[in-house]
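**Q** Would you mind keeping the following structure in view while I ask a few things?
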Amino acid sequence: MATDYDAPRKAEEDTGTASIEELQARRTDKQSAVVDVDESEAAEAFELPGADLSGEELLVRVVPAQEDEFTCGSCFLVRHRSQFAVEKNGTKYCKDCEG
């Protein structure tokens with residue numbers, strides 16, 4: 001069966017109409033002025049500059065550039081040959097950096 005994704009969607013609970021006063025009353029009931037945040041938990045999520053990362057080990061598999069790839073002379077990203085735009089003085093540039 002085909003589905004019309006442009007058709008408006010209505011759930012069963014949306015079919016009933018509520019007055020503006022009812023909607024405002026529901027909104028004010030659920031709001032609270034008190035924010036419950038544990039500061040120690042929030043502080044653990046931040047990475048401080050100069051932190052000691054000497055015990056961390058990063059494993060990355062490095063793959064050399066393939067025959068159909070080049071390194072852009074401006075952004076230094078390895079791009080596919082379909083992104084090649086121009087070569088100036090022996091340096092290749094991608095479509096994003098050609099300007």
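The values are calculated or read from the model by the stated rules, or taken from the named source; none is laboratory data. Bear in mind the structure is a predicted one, so any value in this text is a computation, not a measurement. Glycine gets a Cβ as well: all are built from the backbone with ideal geometry, and neighbour counts include every protein chain shown. These accessible areas exclude ligands, DNA and RNA; they are computed on the full protein's heavy atoms, side chains included. Shrake-Rupley method; radii C 1.70, N 1.55, O 1.52, S 1.80 Å.
**Q** Rounded to the nearest 10 Å², what accessible area does D4 show when all protein chains are kept and the probe is 1.4 Å?
**A** 100 Å²
**Q** Loop-only trypsin sites (Lys or Arg not before Pro) in the range 39-99, please: DSSP not H, G, I, E or B, and at most 10 other Cβ atoms within 10 Å.
**A** Passing both the DSSP loop test and the Cβ count: R61.
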